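Structure first, then comments.
The values are calculated or read from the model by the stated rules, or taken from the named source; none is laboratory data. All values reported here derive from a predicted model rather than from experimental measurement. Positions of Cβ are generated from backbone atoms using ideal geometry, with glycine treated the same way; all protein chains shown enter the neighbour counts. These accessible areas exclude ligands, DNA and RNA; they are computed on the full protein's heavy atoms, side chains included. Shrake-Rupley method; radii C 1.70, N 1.55, O 1.52, S 1.80 Å.
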Amino acid sequence: MNANITKSDDAVVILRGISIPLASDIGGAFITDCSRNRERLVSDNQICEKYGLSLNAWAEIAQNKAVRLAVNAEHERRIFNGDAAKEAAAKLFAEAPEVLGNILHDKHASPRHRIEAARELRATANTGAEKTGDTADRVVITINLGADQKLVFDKQVAPLTPDEARENLDVE
């Protein structure tokens, strides 16, 4: 079931004493954060702090039918497109180094488990550094001209040298 609930222009929420339409950018961000709260990715206190709400105001907002419908729709959208799962996995992954560190330092753990923990920690520490200088980005553009004719441009993407940059300036 895919509920497409449009946020009506008159649906508002009061944040920091200001009436915010749910259809606005700020209202949309609030609804997304409320959905993340429903998914237990952020706490009630974090929502209250971010939006300047008292716990009573937060409880009152939770009773607002337009907000509940919008949060339900956003929650469903996040579930179907995978955002909720990605954020939940990232939150859990942040705990992995501590768990692996405990295994690594556990004198009663088998040597094999300690070595595997060390390998995983090394891999985690190098996340983002997988790309070496040897692997250059490439751009491939293929233009199909029909009748089995194609133009293919396959170029390596590299920063311009200072001389090339000066040559490419449009100075007249």
Rounded to the nearest whole number, the Stokes-Einstein translational diffusion coefficient of region 59-105 at 10 °C and 1.306 mPa s (Kirkwood radius, C-alpha pairs) in µm²/s is 121 µm²/s
Which residue, LEU145, LEU100, LEU55, tops the fluctuation ranking in a GNM of the chain built on C-alpha contacts under 10 Å? LEU145
Got a sec? Charge dipole of the chain, +1 on Cβ for Lys and Arg, -1 for Asp and Glu; which of SER43, HIS105, SER19 is way out at the positive end? HIS105
Residues meeting the amide H criterion for VAL42 (H placed from the backbone, H to H distance under 5 Å, 5 or more places apart or on another chain) are ASN37
Sequence order, region 150-156: Karplus ³J(HN,Hα) from phi using 6.51 cos²θ - 1.76 cosθ + 1.60, θ = phi - 60°, Hz rounded, Gly and Pro as x, gives 9, 9, 10, 10, 10, 10, 7
Running a GNM on the chain with Cα contacts under 10 Å, which residue among ASP137, ASP148, ASP83 ends up with the highest mean-square fluctuation? ASP148
Could you work out which residue, out of LYS86, LYS50, LYS150, moves most in a Gaussian network model of the chain, that is, has the largest mean-square fluctuation with Cα springs under 10 Å? LYS150
Long-range amide H contacts for LEU15: which residues qualify at under 5 Å (H placed 1.01 Å from N, peptide plane, sequence gap of 5 or more or a different chain)? ILE20
Taking the Cα centre of the chain as origin, work out the dipole magnitude from +1 charges on Lys and Arg Cβ and -1 charges on Asp and Glu Cβ, in debye rounded to 20. 860 debye
As a test of the formula, what do you get for the chain when each DSSP H run with n ≥ 4 contributes -39,500 (n - 2.57) and the sum is divided by the residue count, at 222 nm and rounded to the nearest 500 deg cm²/dmol? -15500 deg cm²/dmol
Förster-model FRET efficiency, 30 Å R0, ARG119 and ALA88, C-beta, rounded to 0.05: 0.75
For VAL99, the accessible surface traced by a 1.4 Å probe with all protein chains present amounts, in square angstrom to the nearest 10, to 80 Å²
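Before anything else, pin down the relative contact order of the chain: Cα pairs under 8 Å, at least 6 apart, normalised by residue count, whole percent.
Working: 137 pairs, mean separation 22.8, N = 172.
For the chain, the relative contact order is 13 percent.
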For the chain, Kirkwood radius (reciprocal of mean inverse C-alpha pair distance, Å): 21.9 Å
